[in-house]
Amino acid sequence: MTEEEFDAFYAAAFPRLTGQLYAFTGDHGEAQDVVQEAFIRAWDRRHAFFTDGAPEAWIRRVAMRLAVSRWRRARRWLDLVRRTAPPEHVPGPDPERAALVAALRNLPEAQRMALVLHHLCDLSVEQVASETGVPVGTVKARLSRGRAALARQLATGEDEREADRVR
């Protein structure tokens, strides 16, 4: 089978098969996904594909099996979720952490990345330089400037939080 023949078969059969699988699954997006996956599998065996005699039936059978498999997987996941009790109480982030994240967002991306990689991911300055593709000196400068800017922002934020507590 040539690529052009497969393309022509795909163009003719895809809408019809998608409609059939849509009726089977009740989800148009899911129907498109499983039919597409079935065509990918057919492409992998395209040299013997048309000799089977009923290529569209083969695609439909594979797509239906894929849909059933996905449905079973989703059902198992749902059963697992239902059996797992939700946690009693999940505390939100503490105010200091929220202030840190907010302050980090205000930093330039390069400084923020250097600070996060070095202080939160525990990478050495050399590892940060390697990961970001900049010289070690540049990383040191970004860390220094980032720490200074972060300290200013956190100090300002602490003043505002203190003022809110007094009110």
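We did not get these values from a lab; they are worked out from the coordinates using the rules stated. Computed from a prediction, not measured in an experiment: that's the story for all the values here. Ideal geometry is used to build each Cβ from the backbone, glycine not excepted, and the neighbour counts take in all protein chains shown.
A few comments on the model shown:
- Considering only the Cα atoms of the range 3-83, their convex hull presents on average a projected area of 5.6 nm².
- Net charge contributed by nearby residues that have their C-beta within less than 15 Å of R83 (K/R +1, D/E -1): +2
- Highest-first arrangement of 53-59, 131-137, where packing means the average Cβ count within 10 Å: 53-59, 131-137
- Cα shape, the chain, gyration tensor, a/c 1.5 rule: prolate
- Given R0 = 35 Å, the distance between the Cβ atoms of A148 and H89 translates into a calculated FRET efficiency of 0.40.
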